[in-house]
Amino acid sequence: MKKYIMAIDSGTTSNRCIIFNKKGEVVSASQKEFTQFFPQPGWVEQDADEIWSTQIGVCVEAINKANIKPEEIASIGITNQRETTVIWDKKTGRPIYNAIVWQCRRTSNYCDYLKNEGYTDIIKSKTGLLLDAYFSATKIKWILENVQGAREKAENGELLFGTIDTWLIYKLTGGKVHATDYTNASRTMLYNIKELKWDEDILNLLDIPKEMLPEVKDSSGYFGKSKSKFFGDEIDITGVAGDQQSALFGQLCLEQGDAKNTYGTGAFLLMNTGDKPIKSKKGLLSTIAWGIDGKITYALEGSIFVAGSSIQWLRDELRIIDSAEDSEYMATKVKDTHDCYVIPAFTGLGAPYWDQYARGTIVGISRGVNKYHIIRATLESIALLSCDVLQVMEEESNKKLRKLKVDGGASANNFLMQFQSDITNTEVIRPKLLETTAKGAAFLAGLSSKFWTLEEIKNLEKNSTIFIPNMNDDERSKKLNRWHRAVEYSKDWAKED
Ligand code: ADP
């Protein structure tokens, strides 16, 4: 009798395993951090073998904690940090270099070179992505060019490439399966998201042999079986998706115009745009949301560099709050921000402004402004920046935002969520169980192993908190106008005089 789904959530800083029961409840969870390496400024690496060993460790721990038998697990779903690049030897299964992490900037100069050569538009129209070091493609090229003997081995078909999902599938299946899903493939900057194939032109441009690349499969479908030596029985792997797409699915943003925002250190917004990719003119990414039964759903993605970390700034640098949670109570001690705006452009501004020289700015300080106004304005800025991205998504997709599902640490803040609802004039829905990334992988896996039907999944989430917009149009447009004016003051600041 199958009673559980095992979700593997392999993140940027830690590996997690969550076991869900039929009601979608967490039966057990286990988590372990792994080492980050910073060999040079701007470089970030991880040890792929350590990722594997900690991941398998937490999976076994979660099974033991739940005190269940492996035969009771219907299937495994995998979700993972995206873009991070592993290359390993086909014969030995050993990585030939550390995993190069998505955050790593080592190939920035090469990306600038490609931009100068005029490849930006071609890359964008084929992959939906901006030409950037963030994605896997130039990381693969770097390894082939900088690890001794790698280029030759790759040409001889002796090396395999994978993002973390592919690496974990390969290890779980004892080296039998070399595969990824559409969502992860769409983040490599090598995958043509319209033609649904590895793009020969880009592979030629970067000199990457196609034989290294994994087979691309549906996000919800059969990938292979885990070896019985790991859990005591073979378990099917039946769902795979990159973390943000997994969260979109876990939040059940299944209709065109549904969107989710994850409020963590930064914020990640994704909107379901249906069966066609949208080429953004304002710096959003177009990406594959998931592939199910060979049918592709696309999404627009925008990120905000500073969200929850602005609250850490209030706590650790300004020291006007003791804890992130306090910001909610403090913000409600005043009725408004006293026309004061905080623009937390600590590292520049992302979509839709794209100004790397912008810096944090407080505008409109009059004699009456106190710390509560500043705290309130900082919280509001998170929602205002999200609102700016959502507006671009609406414009470019030509779809009205239907509702906004939220998750991530800062979504616990009720003031922030109510203001988000007010300023976007949309219902904001916060599920009780915030583990949406793992939930997405579980849903994708559970659907294809017939553990759940889609109808059942839709009925699992009952205890969401819903924030209803409660701001009149005049007030909203006044607030947005003032905000947009305030943002102008933050621009260009870090440019040399
Ligand atoms: P990440 O996954 O990026 O580490 P989390 O989802 O764990 O982030 O969220 C942590 C962030 O959320 C921190 O930046 C913290 O300041 C912020 N945060 C946590 N709780 C609250 C709260 N109640 N109000 C506002 N911000 C919060």
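The values are calculated or read from the model by the stated rules, or taken from the named source; none is laboratory data. Bear in mind that the values here come from a model prediction, so they are computed numbers and not experimental data. Virtual Cβ from ideal backbone geometry, glycine too; neighbours counted across all protein chains shown. Surface accessibility is based on the protein's heavy atoms, side chains included, excluding ligands, DNA and RNA. Shrake-Rupley method; radii C 1.70, N 1.55, O 1.52, S 1.80 Å.
Can you sort His484, His178 by solvent-accessible area, 1.4 Å probe, largest first?
On the way: His484 60, His178 35 Å².
These residues rank, largest area first, as His484, His178.
Between Leu318 and Asn67, what is the label-to-label distance in nm when each label sits 7 Å out along the Cα-to-Cβ direction?
Taking the two extended label points, one gets 4.9 nm.
In Å², what does the accessible area per residue of the range 4-234 work out to with a 1.4 Å probe? Present the calculation step by step, with values, prior to reporting the outcome.
Details: 9010 Å² over 231 residues.
Accessible area per residue: 39 Å².
Any idea which of Asn15, Met212, Gly175 is furthest toward the positive side of the dipole for the range 4-234, if Lys and Arg beta-carbons carry +1 and Asp and Glu beta-carbons -1?
It is Asn15.
Quick one: which of Lys22/Lys69; Lys139/Lys194; Lys405/Lys432; Lys126/Lys197 span more than 19 angstrom between C-alpha atoms? Present the calculation step by step, with values, prior to reporting the outcome.
On the way: Lys22/Lys69 15 Å; Lys139/Lys194 23 Å; Lys405/Lys432 12 Å; Lys126/Lys197 10 Å.
Beyond 19 Å: Lys139/Lys194.
Treating the beta-carbon of each Lys and Arg as +1 and of each Asp and Glu as -1, no other charges, what is the dipole magnitude of the range 4-234 about its Cα centre, to the nearest 20 debye? Write out the running numbers ahead of the final one.
Numbers: 29 positive and 32 negative charges, 84 e Å.
It works out to roughly 400 debye.
If the reach is capped at under 17 angstrom between alpha carbons, list the aspartates and glutamates near Lys295, excluding any in the same chain fewer than eight residues apart.
Within reach: Asp181, Glu195, Glu215, Asp218, Glu255, Asp275.
Got a sec? What order do Ser246, Ser303 fall in by accessible area at 1.4 Å, biggest, i.e. largest, first?
On the way: Ser246 0, Ser303 35 Å².
Largest to smallest exposure gives the sequence Ser303, Ser246.
Rounded, prolate or oblate for the range 4-234? Axes are the square roots of the Cα gyration tensor eigenvalues, ordered a ≥ b ≥ c, and the cut-off for rounded is a/c under 1.5. Write down the numbers at each step before the final one.
Details: a/c = 1.89, a/b = 1.78, b/c = 1.06.
In terms of gyration-tensor shape, prolate.
Carbon and sulfur together cover what percent of the accessible area of the chain at a 1.4 Å probe radius?
Details: 9650 of 20620 Å².
About 47 percent, which is the carbon plus sulfur part of the accessible surface.
Taking H placed 1.01 Å from N in the peptide plane, check which residues at least 5 places from Asp181 or on another chain put their amide H under 5 Å from its amide H.
Lys217
HN-Hα J couplings of the range 180-193 from phi, Karplus 6.51/-1.76/1.60, θ = phi - 60°, integer Hz, Gly and Pro as x?
Karplus values, whole Hz, x for Gly and Pro: 9, 10, 4, 5, 5, 4, 5, 9, 8, 6, 10, 9, 7, 7.
How would Lys225, Lys90 line up by accessible area, probe 1.4 Å, largest first?
Numbers: Lys225 85, Lys90 105 Å².
Sorted by accessible area, descending: Lys90, Lys225.
On a full-extension model of 0.36 nm per residue, what is the gain between Ala412 and Met471, subtracting their alpha-carbon distance, rounded to one decimal in nm?
Numbers: separation 59, 0.36 × 59 = 21.24 nm, distance 2.09 nm.
Contour length minus Cα-Cα distance gives 19.1 nm.
Counting pairs of alpha carbon atoms under 8 Å apart in space and at least six apart in sequence, what relative contact order in percent does the chain give?
Details: 1120 pairs, mean separation 72.3, N = 497.
It comes to 15 percent, rounded to a whole number.
How big is the accessible area of Trp88 in square angstrom, nearest 10, if you roll a 1.4 angstrom probe over the protein chains?
0
What dipole magnitude, in Debye to the nearest 20, does the chain give about its Cα centre under +1 on Lys/Arg Cβ and -1 on Asp/Glu Cβ? Kindly include the intermediate steps, with their values, before the conclusion.
On the way: 63 positive and 67 negative charges, 147 e Å.
That gives the chain a dipole magnitude of about 700 debye.
Between Ala358, Pro344, Leu248, whose Cα lies farthest towards the positive end of the dipole of the chain when Lys and Arg beta carbons carry +1 and Asp and Glu beta carbons carry -1, centred on the Cα centre?
Leu248
Starting from the Cα of Lys91, draw a straight line to each of the lysines and keep only those under 16 Å, dropping any in the same chain fewer than 8 residues away.
Excluding near neighbours in sequence, the set is Lys153, Lys171, Lys176.
Enumerate the calculated ³J(HN,Hα) couplings along the range 12-23 in order (Karplus 6.51 cos²θ - 1.76 cosθ + 1.60, θ = phi - 60°), each rounded to whole Hz, writing x wherever the residue is Gly or Pro.
Using θ = phi - 60°, the values come out as 6, 10, 8, 9, 10, 9, 10, 9, 9, 9, 4, 7 Hz.
Over the heavy atoms of Cys340, what accessible area does a 1.4 Å probe trace out, to the nearest 10 Å²?
The accessible area comes out at roughly 0 Å².
So how much accessible area does Ile51 have, in Å² to the nearest 10, using a 1.4 Å probe?
We get 0 Å² for Ile51.
Listed highest first by mean packing, meaning other Cβ atoms within 10 Å per residue, what order do 162-168, 262-268, 62-68 come in? Working shown, then result.
Working: 162-168: 29.1, 262-268: 21.0, 62-68: 17.4.
The peptides rank, most packed first, as 162-168, 262-268, 62-68.
Compute the FRET efficiency between Asn425 and Glu255 as 1/(1 + (r/R0)^6), taking r as their Cβ-Cβ distance and R0 = 30 Å, and round to the nearest 0.05. Present the calculation step by step, with values, prior to reporting the outcome.
Working: r = 18 Å, r/R0 = 0.61.
The pair Asn425/Glu255 has a calculated efficiency of 0.95.
Calculate one ³J(HN,Hα) per residue across the range 333-350 by plugging θ = phi - 60° into the Karplus curve 6.51 cos²θ - 1.76 cosθ + 1.60, and present them in order as whole Hz with x for glycine and proline.
So the J values, rounded to whole Hz, are 6, 10, 8, 7, 8, 6, 6, 10, 10, 10, 10, x, 8, 4, 10, x, 10, x.
Which Cα, out of Thr120, Ile164, Tyr110, lies furthest along the positive dipole direction of the range 4-234 (beta carbon charges, K/R +1, D/E -1)?
The listed residue farthest towards the positive side: Ile164.
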